[in-house]
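So the structure is just underneath, and the comments pick up after that.
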Amino acid sequence: MLEKRREKVIKAAALLFGVLGLSLIYLLFFNTGLEIVSDPQNPTTHVLILNNSQHRIREVSVSFLVGNQKIVVQTIPSLDPSQTVSIPLSPEYASNGAFTLQATAPYHLTRQISIASQSAKVDNANVAFTFSFPTIGFVDEPVVVSITACSYENFPLDLKAELSDFTNEAGISTPASDWTIPPAECSDLELSYTPISPLEDLSFKIRVFTPTRVLAEKGASMEIIQNDVNGGV
């Protein structure tokens, strides 16, 4: 009877010490508190390394994972509780349209985050375009084409717009225009083309694009007639 009781006590003690040992190992080697979050002030260009614990975290290493390479970009000697450090998302560290960052510290869980690069975000932005243009133009008078863009994103969109692919071109068009759409707003842009001779059917395209993708394209056509004021028929 005594022997059985002793066995139970030994088993209970072994279980207790096992739980305490695992807890100690977790606390020593797998502390939480280190976080990577998007910078609310600059969500497409920076992230924040955050100490979300009640203790100081030492020797924090921040790396980008680019393909099969791990590139250390910053070592933070220590992070106090609630302290943050801003890390820029340099385009050279983007891979497959995204940034993958990793933060490590001794005795702490490794944190990793993937964030779409700014160009990738713009290329896939939720934005609606409408186009407006006349059906008749006059020789030597600018024809104005209007574009309205409404963005549903929380970051600015840096775009370009142009008139292109003219058929039977006989006139002067403006070069591509830079266009920044504010976050969650609508914005208007005007492009112009000045015909220099009459034409029954002037066809062209209105194009909005980024360095890597055409976001919107609209075919347009109009009749160009001689302006009577400038010496009509």
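The values are calculated or read from the model by the stated rules, or taken from the named source; none is laboratory data. Computed from a predicted structure; not experimentally measured. Don't worry about glycine lacking a Cβ; one is built from the backbone with ideal geometry, like all the others, and counts go over all protein chains shown.
Things to note:
- Among the candidates 158, 123, residue that is surrounded by 14 or more Cβ atoms within 10 Å (Cβ to Cβ) and in contact (Cβ under 8 Å) with a residue 60 or more places away in the chain: 123
- Scanning segment 171-222 for residues that are out of contact with any Ser or Thr (no Cβ under 9 Å at 6 or more places or on another chain), free of Cβ contacts under 8 Å to residues at least 24 places away in the same chain and small (Gly, Ala, Ser) gives a single hit, 177.
- Elements of type strands (runs of 3 or more DSSP E) in segment 94-135, at least 1 residues being closer than 23 Å to residue 68 by Cβ and either in the same structural domain as residue 65 (by TED's automatic domain parsing) or among the hydroxyl-bearing types (Ser, Thr, Tyr) (or both): 98-104, 111-116
- Of the residues making up segment 125-143, just one is among the small types (Gly, Ala, Ser) and under 13 Å from residue 190 (Cα atoms), namely 132.
- Entry remark, segment 211-230: residues being surrounded by fewer than 14 Cβ atoms within 10 Å (Cβ to Cβ) and not in a strand (DSSP E or B) number 6 in total.
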